[in-house]
Amino acid sequence: MNRRNVQIFKAAFFILFVVFISILIVKIPSFLKKKDYKLKKSGNEAKAPLFSVSSLNYRGRILSLKDYRGKIVLVNFWATWCPPCRDEIPRLEKFYGLHKKDGFALIALSVNNQGKKYVLHFIKTFRGGIITYPVGMANYTIEKAYGNIYEIPQSFLINKRGYVVAHIKGEIPRGYLTYEFNKLNK
């Protein structure tokens, strides 16, 4: 092999090596990603895990999911420090205000580790205190039951029979709740 062929061979080997490493860098995170915890299935839907927590913004009120049977419920996991969570609060508040009389309920569960007082202060002061839907604190048991909440916001739409019909990771897209609510409320 002459010197030129050796250089071409080395260059080709280097290019193949770079392509191989690039593919590994892209694919390895998906191999290492933890599997989502599956909710118990019943037919095509998952039974919503029941929970009970104290409301932060309605003193003395217990937010128990079983008390919401017969309503369409959105369970929203969020935190005060989360920009996408903050962005969706006004839309959630607006939808809640428009549809609570039509059988829509919203329970926001904060995953903040700063504590109840911090979250309550946020509720009272965020944009002049616009949050009127019930807010409670999530705990490890609830987070685990809903599939280990590692990212927020996350929301679970629950039909009138208590089954999860949608799981939304990230901000709820504009118009999505209206579409789903109208479909479920027929």
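Count of region 83-111 residues, restricted to those that are surrounded by 18 or more Cβ atoms within 10 Å (Cβ to Cβ) and outside any helix (DSSP H, G or I), is 8. If the condition is being under 22 Å from residue 55 (Cβ atoms), assigned to a helix (DSSP H, G or I) and hydrophobic (A, V, I, L, M, F, W, C), then region 128-186 contributes 142, 145, 177. Examine region 104-118 for a residue that is touching a residue at least 60 places away in the same chain (Cβ under 8 Å) and out of contact with any helix residue (DSSP H, G or I) (no Cβ under 9 Å at 6 or more places or on another chain), and state whether such a residue exists. Taking every residue of region 104-118 in turn, at least one turns out to be touching a residue at least 60 places away in the same chain (Cβ under 8 Å) and out of contact with any helix residue (DSSP H, G or I) (no Cβ under 9 Å at 6 or more places or on another chain). Scanning region 66-82 for residues that are surrounded by 19 or more Cβ atoms within 10 Å (Cβ to Cβ) and either of a type in the set (Phe, Trp, Tyr) or part of a helix (DSSP H, G or I) (or both) yields 68, 77, 78.
In region 49-64, the residues that are in the same structural domain as residue 162 (by TED's automatic domain parsing) form Cβ pairs under 9 Å with partners that are among the aliphatic types (A, V, I, L, M) and in a loop (DSSP other than H, G, I, E, B), at six or more places apart or across chains, as follows: 49/39; 51/138; 53/138; 57/131; 64/50. Residues that are small (Gly, Ala, Ser) and free of Cβ contacts under 8 Å to residues at least 24 places away in the same chain within region 149-170 comprise just one, 166.
Of all residues in region 113-126, none satisfies being closer than 30 Å to residue 186 by Cβ, in a loop (DSSP other than H, G, I, E, B) and either in the same structural domain as residue 160 (by TED's automatic domain parsing) or out of contact with any Gly (no Cβ under 7 Å at 6 or more places or on another chain) (or both).
The values are calculated or read from the model by the stated rules, or taken from the named source; none is laboratory data. Small disclaimer: the values here were computed from a predicted structure and weren't measured. All Cβ positions, even for glycine, are placed from backbone atoms using ideal geometry, and neighbour counts span all protein chains on display.
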